Amino acid sequence: MTEPDKTSLVTHEGFMHELQRSCNEKRTGTLLIATKDNHLARIYLENGVITFVSYGLKKGVEAIIPIKEITQARVKFSQKQIGGHHGEKLPSTAEILHLLAGEQRATTTARLTPNSITGDQMPGVLKVIESELVEFLGPLAVIVWSEQLERYGKPTNPSQLQALIDNLAMEIGDPSKVKRFRQQIWQKIGAGQH
């Protein structure tokens, strides 16, 4: 198969094909995805394993959702590592490919569930929660987030994580917003709706 034409736009399916091919061929480098409205996504691969994902200023798990929503882009694979690489904890390559493809359900073994979240995955999960809190509370979220972490500490296990989400939800107040807050968190970390 030939390399895609770097000057023309490809569809989401087109850049997913290129990413899948790069993984299958165990390539090492950076897949650069430039959207038609000039946003940049980067996906780093090491021997076909996705080790880092970014979209604009979002990194790791947070970057997957906006990349999934790209409809057209220019794609280029570089054998160099372009940009900073910050060792964010990610789901498996197979899970990332499922998520980026827009599939609502991934394999059970690769899927994050509240009880399967490990300490290594916790920093990425906390970033998703904090981002969602900002969406629902605006600037007040910074204060609420700091107070919760100061009062209870950073969660290190699934029950502490659930307690943090419950405490943050109480700060939102409005039942319909609380439901959306919880759903969006679990959807973005790949654990379904709770």
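Can you name the residue in segment 103-140 that is open to solvent by less than 40 Å² (accessible area, probe 1.4 Å) and at pLDDT below 70 and, of all such residues, is nearest to Asp166 (Cα to Cα)?
Restricting to residues being open to solvent by less than 40 Å² (accessible area, probe 1.4 Å) and at pLDDT below 70, the top hit is Pro114.
Tell me which strands (runs of 3 or more DSSP E) are completely within segment 1-79 and hold 3 or more residues being within 19 Å of the chain's Cα centre (by Cα) and hydroxyl-bearing (Ser, Thr, Tyr), or say none if there are none.
49-55
Restrict the check to segment 4-16 and report whether at least one residue is at pLDDT 85 or above and in contact with a Leu (Cβ under 6 Å, 6 or more places away or on another chain).
Scanning segment 4-16 turns up no residue that is at pLDDT 85 or above and in contact with a Leu (Cβ under 6 Å, 6 or more places away or on another chain).
Just checking, which of Leu99, Leu90 is at pLDDT below 85, assigned to a loop (DSSP other than H, G, I, E, B), of a type in the set (A, V, I, L, M) and within 21 Å of Lys127 (Cβ to Cβ)? Reasoning before the result, please.
On the way: Leu99 fails: assigned to a loop (DSSP other than H, G, I, E, B).
Unique residue meeting the criteria: Leu90.
Name every residue in segment 38-72 that is surrounded by fewer than 22 Cβ atoms within 10 Å (Cβ to Cβ) and farther than 27 Å from Ile185 by Cβ, in order of residue number.
Across segment 38-72, the qualifying residues are Asn38, Glu46, Asn47, Gly48, Gln72.
The values are calculated or read from the model by the stated rules, or taken from the named source; none is laboratory data. The structure displayed is predicted, hence computed values, not measured ones. Ideal geometry is used to build each Cβ from the backbone, glycine not excepted, and the neighbour counts take in all protein chains shown. In case anyone asks, the SASA skips ligands and DNA or RNA and just uses the protein heavy atoms, side chains included. Shrake-Rupley method; radii C 1.70, N 1.55, O 1.52, S 1.80 Å.
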